[in-house]
Amino acid sequence: MLDPGRYALVEDLGRPGYAHLGVAPSGALDTASLRLANRLVGNAEAAAGIEALLGGLSVRFTAAVTAAVTGPPVDVRIDGRSTGSHAPLAVRAGQTLTLGTPSAGLRCYLAVSGGIAVEPVLGSRSRDVLSGIGPPPLRAGDVFPLGEPGIPVGADVVVPVRAPGELVVPVTLGPRDDWFDDPAGGLSAGWTVTAESNRVGLRLDGTPLRRAIDGELPSEGVVTGAIQVPPNGLPVVFLADHPTTGGYPVAAVVGTAALSALAQARPGTRIRFRPS
């Protein structure tokens, strides 16, 4: 690792099934992009790759590999030569792969044939930023082992995801929507992603939701995609590294298919929830 860029983590598809131990599922926030990157290099979809926040990553390989970069469109260079993203790339031993900064979206994914074979924790190689489980954030000088490569697969034309001006996100109301006046109307009114967002949760700004019930709940289990509403009325959408319990009411839950789009939502992105 020559340069981790702004912030880079090893992530796979996470460690679900440990909420009873207080461990979040974690894993890549944009699972669709990680799955695609792994398919492009011939890996199993669950193989570990690198999640790079706003690009800037620079990696030198000590062995010949097939690599792929997905997520938002981004400039990819091998030894300074522009190659493009969303396609298998043949990289020779000694060559350097560098990512630019995406013009839209937040998180790029680098997959390498064989996958990153750091030691798993509870069955996953993912970093959980809330608990500190898994490999630490990448630093210059880090060296990572790779697994046994498969056979790289070809790809048809891949259309990279582009962040729209406003995300329309389907949600299912509940389980505590009765704690709010007009939760469907409030959630669909429109929200803005704030700079306080991270892998734990997407913090939103807008017209606060009004409570119909005073008081607070005892802590109860929460899932990825839960829209929790603290006393200020401004929702937090829980992402992969969320706490496993919470004491504020959950007004709705985001559908799994929409979580990858939320993972790429930069501060300032407009979001409108569509209750079903």
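The values are calculated or read from the model by the stated rules, or taken from the named source; none is laboratory data. These numbers come from a predicted model, not from an experiment. Heads up, the Cβs are rebuilt from the backbone with ideal geometry, glycines too, and the neighbour counts pull from every protein chain shown. Note: areas computed on protein heavy atoms with side chains; ligands, DNA, RNA excluded. Shrake-Rupley method; radii C 1.70, N 1.55, O 1.52, S 1.80 Å.
The table for this structure:
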quantity: Counted residues, segment 235-259 - those being open to solvent by 20 Å² or more (accessible area, probe 1.4 Å) and within 15 Å of the chain's Cα centre (by Cα); calculated: 4
quantity: Some residue of segment 198-211 being in contact with a Lys or Arg (Cβ under 8 Å, 6 or more places away or on another chain) and open to solvent by less than 40 Å² (accessible area, probe 1.4 Å); calculated: no
quantity: Whichever residue in segment 149-182 is under 18 Å from the mean Cα position of the chain (by Cα) and part of a loop (DSSP other than H, G, I, E, B) and, among such residues, is modelled with the highest pLDDT; calculated: 164
quantity: Among (1) modelled with pLDDT of 95 or more; (2) farther than 20 Å from residue 263 by Cα; (3) hydrophobic (A, V, I, L, M, F, W, C) - the single one residue 74 does not satisfy; calculated: (2)
quantity: Filter result (part of a loop (DSSP other than H, G, I, E, B), surrounded by fewer than 23 Cβ atoms within 10 Å (Cβ to Cβ), within 16 Å of the chain's Cα centre (by Cα) and at negative phi) within segment 49-88; calculated: 73
quantity: Test result for residue 223, assigned to a loop (DSSP other than H, G, I, E, B) and β-branched (Val, Ile, Thr); calculated: yes
quantity: Residue 115 being on the phi > 0 side of the Ramachandran plot, buried (at least 17 other Cβ atoms within 10 Å of the Cβ) and in contact with a helix residue (DSSP H, G or I) (Cβ under 8 Å, 6 or more places away or on another chain); calculated: yes
quantity: Flag for residue 230 being closer than 30 Å to residue 53 by Cα and open to solvent by less than 40 Å² (accessible area, probe 1.4 Å); calculated: yes
quantity: Within segment 29-48, considering residues that are in a loop (DSSP other than H, G, I, E, B) and charged (D, E, K, R), the one surrounded by the most Cβ atoms within 10 Å (Cβ to Cβ); calculated: 30
